[in-house]
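A.B. asks: One structure coming up, written as structure tokens, with questions to follow.
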Amino acid sequence: MATEKYGVYAQLVKSIASTPVATDTTVIFIGASPSGDLNQPVLVTSLSDYQSKLGGAPGDGYNLTEAAIAAFSVAGIAQVYMIPVSNSLSFNAADYLGNADLFTGVYAIENLLRDNPTTVNLLCAPSVTDSSVIAALNTIAKKADGHWVSFMVYDLPLDESHTNARNVIQPSAIVADKQLNEEHADAVWGKVRTAGGYDISGAAVRACLMAASDANYGVPARCGGNLAVSGIQGIIGFEDVAEQEGEWAAHTATIAIGETSVVDTHVFSELDYSSKLDYSVSKTSLSDEDWTATVEVVESSGHPAIKVTVTRKNPGDTSAAIGASIVALTLTGERNYTSRFAVMPESAGTQLSADGVCSWINYGGGNWHTWGDHTSAFSAGSVSDERARYDSNIRILTMLTNRYQLKYRFDIDNPMTLSMRNSVIQEENDYLAYLKSIGAIIGEASCQFRADDNPSDNIALGQFVWSIEATITPPMKYAQLNVAFSQAGYSVYYAA
């Protein structure tokens, strides 16, 4: 028995190795702002417009403010949609997801796409690395209820382990934190520090730069790699957390103290803090008359650590000897990380790209470029379906499927005449010719209505299928010039 089907659908199938108009890319940010109605999309056209509608100002700590800076001060795009899910700095995953049965925040994206459908969409929750939020956005990006497929750009978490003692990025540590392996997503590492000193979401910057590129080309023909972002100070390698008051849980370690030991030490190397941190040490089974314990900040494996030194006051007094002692370290006061600019060698960025992680390259003079053109599905130098190799592939293909659904959704239940069949073929072929003329696709591409796809049983049920096979123009990912020394020129000396 045939399955009931109803509506206009389009899908990407396994890859094979009217008058066109420019495509507008809709950028949708979801997060927290100082004010504004929750879970309601707001069209924002400038930084001042954002401040007027959602109350934010640079440096206020809200992630939608980061997005506004990325859009209007860094990338210079015309507009974005913003969906505030909280008016508090202490927002969390629950604000995005809402009730377990109704993802209040993320489904506001679906409502926006249904009410304002566009062929090219970018989704981003700036600086959010919570896996549940990313998974929920991923669900919406794959297929919103109105059928509009989107492309998601998301941030990877930042951690001190991502950079070594010289602040050079460690690709393996970064790749280990990649949360999605999806063809319709870009995973972005690193925060951008603007000329004004604001640290903003790398994913937000990349999404806005991609939208700016789309505006230049008219379609998302260019991949998201090597897009210029000028006038920034650098890329932050791990989060900057300053002046958080409170007491941290005690860190304990067992220090063996023998009868003849004069000094014993233990280094708490797993801690993260600066030398401004206050600390104290408590001694168990140590008599103040016989032993002293001191602490100091040292370096361990290239990072700050606290060293506890236990000293016997009278080495010859064996009565004071004990087999072992627990030394507990309690951290209090200001936890004040020193944020680091990451050193981004091109080789390290290329390693990240080989595992589907996008990063940044410094071209000098304050000119940084996005680095990495693969989707998040790319891993260990390969991909299961060739269409997922480059983000431009997926974005062009989903633009075609979104455009088809947007154009023909009102034709459902109209008589399927031969003229309509031919009209769809002609319309799609005209658009494919346009894409070829601007270099978005290469080679021959055509829309067909094939007998194999449309058996008579399906036609009797009112189910019709058109098919497109297209080759997206690949980016010039690598360019090499071979230069060789030759002695052939010496022949001029022997000329008459």
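The values are calculated or read from the model by the stated rules, or taken from the named source; none is laboratory data. Computed from a predicted structure; not experimentally measured. Ideal geometry is used to build each Cβ from the backbone, glycine not excepted, and the neighbour counts take in all protein chains shown.
A.B. asks: Tell me which residues, restricted to region 73-104, are touching a strand residue (DSSP E or B) at 6+ places or on another chain (Cβ under 8 Å) and of a type in the set (A, V, I, L, M, F, W, C).
C.D. replies: Matches in region 73-104: VAL74, ALA75, ILE77, VAL80, MET82, ILE83, VAL85, LEU89, PHE91, LEU97.
A.B. asks: Kindly indicate whether any position in region 420-428 is in a helix (DSSP H, G or I), in contact with a helix residue (DSSP H, G or I) (Cβ under 9 Å, 6 or more places away or on another chain), among the β-branched types (Val, Ile, Thr) and surrounded by 17 or more Cβ atoms within 10 Å (Cβ to Cβ). I'd like the intermediate steps shown before the answer.
C.D. replies: From region 420-428, those in a helix (DSSP H, G or I) are 420-428; that's our starting set.
Filter once more, so that each one left must be in contact with a helix residue (DSSP H, G or I) (Cβ under 9 Å, 6 or more places away or on another chain): 420, 424, 427-428.
Imposing the further condition that a residue be among the β-branched types (Val, Ile, Thr) reduces the set to 424.
Among the residues that remain, those that are also surrounded by 17 or more Cβ atoms within 10 Å (Cβ to Cβ) are: 424.
Yes, region 420-428 contains at least one residue that is in a helix (DSSP H, G or I), in contact with a helix residue (DSSP H, G or I) (Cβ under 9 Å, 6 or more places away or on another chain), among the β-branched types (Val, Ile, Thr) and surrounded by 17 or more Cβ atoms within 10 Å (Cβ to Cβ).
A.B. asks: Among the numbered conditions (1) of a type outside the set (Ser, Thr, Tyr); (2) buried (at least 20 other Cβ atoms within 10 Å of the Cβ); (3) part of a loop (DSSP other than H, G, I, E, B), tell me where CYS447 comes up short.
C.D. replies: The single condition CYS447 does not satisfy is (3).
A.B. asks: Quick one: count up the residues across region 108-150 that are at pLDDT 85 or above and under 24 Å from ASP24 (Cα atoms). Give the steps one after another, and end with the answer.
C.D. replies: Looking only at region 108-150, we keep the residues that are at pLDDT 85 or above, and these are 108-142, 149-150.
Filter again for under 24 Å from ASP24 (Cα atoms), leaving 108-126, 137-142, 149-150.
Count: 27.
A.B. asks: Also, quick follow-up: Could you tell me which numbered condition PRO415 fails, if it satisfies all but one of (1) surrounded by fewer than 14 Cβ atoms within 10 Å (Cβ to Cβ); (2) under 38 Å from the mean Cα position of the chain (by Cα)?
C.D. replies: Going through (1) surrounded by fewer than 14 Cβ atoms within 10 Å (Cβ to Cβ); (2) under 38 Å from the mean Cα position of the chain (by Cα) one by one, PRO415 breaks only (2).
A.B. asks: Looking at region 123-134, which of its residues are outside any helix (DSSP H, G or I) and either in contact with a Ser or Thr (Cβ under 6 Å, 6 or more places away or on another chain) or polar (S, T, N, Q) (or both)?
C.D. replies: LEU123, PRO126, SER127, THR129
A.B. asks: Please go through region 39-54 and give me each residue that is over 22 Å from ALA195 (Cβ atoms) and surrounded by 17 or more Cβ atoms within 10 Å (Cβ to Cβ), ordered by number.
C.D. replies: Residues satisfying the conditions are ASN39, PRO41, VAL42, LYS53, LEU54.
A.B. asks: Report, by residue number, each residue of region 336-381 that is part of a helix (DSSP H, G or I) and of a type outside the set (Asp, Glu). Walk me through how you get there before you give the answer.
C.D. replies: In the first step, residues of region 336-381 are kept if they are part of a helix (DSSP H, G or I); the result is 346-353.
Those that are part of a helix (DSSP H, G or I) and of a type outside the set (Asp, Glu): SER347, ALA348, GLY349, THR350, GLN351, LEU352, SER353.
A.B. asks: A further question follows. Among the residues of region 430-442, is any of a type in the set (A, V, I, L, M, F, W, C), more than 18 Å from ASN393 (Cβ to Cβ) and under 40 Å from the mean Cα position of the chain (by Cα)?
C.D. replies: First, the residues of region 430-442 that are of a type in the set (A, V, I, L, M, F, W, C): 432-433, 435, 438, 440-442.
When the remaining residues are screened for being more than 18 Å from ASN393 (Cβ to Cβ), the result is 433.
If we keep only those that are under 40 Å from the mean Cα position of the chain (by Cα) too, we end up with 433.
The answer is yes, given that some residue of region 430-442 is of a type in the set (A, V, I, L, M, F, W, C), more than 18 Å from ASN393 (Cβ to Cβ) and under 40 Å from the mean Cα position of the chain (by Cα).
Table: residues versus (1) assigned to a loop (DSSP other than H, G, I, E, B); (2) surrounded by fewer than 18 Cβ atoms within 10 Å (Cβ to Cβ); (3) in contact with a Ser or Thr (Cβ under 9 Å, 6 or more places away or on another chain).
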site: GLY105; (1), (2), (3): no, no, yes
site: ILE109; (1), (2), (3): no, no, yes
site: ARG114; (1), (2), (3): no, yes, no
site: ALA136; (1), (2), (3): no, no, no
site: ASP145; (1), (2), (3): yes, yes, no
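A.B. asks: Considering every residue within region 197-216, establish whether at least one is over 20 Å from ASP155 (Cβ atoms) and part of a loop (DSSP other than H, G, I, E, B).
C.D. replies: no
A.B. asks: Okay, moving on. Just to be sure, is TYR96 under 22 Å from VAL229 (Cβ atoms), crowded, with 18+ Cβ neighbours inside 10 Å and in contact with a Phe, Trp or Tyr (Cβ under 8 Å, 6 or more places away or on another chain)?
C.D. replies: On the way: under 22 Å from VAL229 (Cβ atoms): no; crowded, with 18+ Cβ neighbours inside 10 Å: yes; in contact with a Phe, Trp or Tyr (Cβ under 8 Å, 6 or more places away or on another chain): yes.
Against the criterion (under 22 Å from VAL229 (Cβ atoms), crowded, with 18+ Cβ neighbours inside 10 Å and in contact with a Phe, Trp or Tyr (Cβ under 8 Å, 6 or more places away or on another chain)), TYR96 does not qualify.
A.B. asks: Just the residues that are in contact with a Gly (Cβ under 9 Å, 6 or more places away or on another chain) and within 30 Å of TYR408 (Cβ to Cβ), please, taken from region 125-150. Steps first, answer last, please.
C.D. replies: Keep residues of region 125-150 that are in contact with a Gly (Cβ under 9 Å, 6 or more places away or on another chain), which gives 125-128, 133, 136, 147.
Result: ALA136, HIS147.
A.B. asks: Checking GLU245 against (1) at pLDDT 90 or above; (2) of a type in the set (Asp, Glu); (3) over 15 Å from the mean Cα position of the chain (by Cα): exactly one of these is not met. Which one?
C.D. replies: (1)
A.B. asks: Tell me, which residue of region 183-230 that is in contact with a helix residue (DSSP H, G or I) (Cβ under 6 Å, 6 or more places away or on another chain) and among the charged types (D, E, K, R) is surrounded by the most Cβ atoms within 10 Å (Cβ to Cβ)?
C.D. replies: Among those residues, the one meeting the criterion is ASP186.
A.B. asks: From (1) surrounded by fewer than 24 Cβ atoms within 10 Å (Cβ to Cβ); (2) farther than 23 Å from ARG387 by Cα, pick out the condition that doesn't hold for ILE174.
C.D. replies: Exception for ILE174: condition (1).
A.B. asks: Continuing with this model, one more query. Could you pull out the residue among SER376, SER339 that is of a type in the set (Gly, Ala, Ser) and modelled with pLDDT under 90?
C.D. replies: Details: SER376 fails: modelled with pLDDT under 90.
Only one candidate passes the filter, namely SER339.
A.B. asks: Can I ask one more? Just checking, which of ASN393, ASN414, ASN454, ASN429 is under 30 Å from ASP155 (Cα atoms) and polar (S, T, N, Q)?
C.D. replies: Of ASN393, ASN414, ASN454, ASN429, the one residue that is under 30 Å from ASP155 (Cα atoms) and polar (S, T, N, Q) is ASN393.
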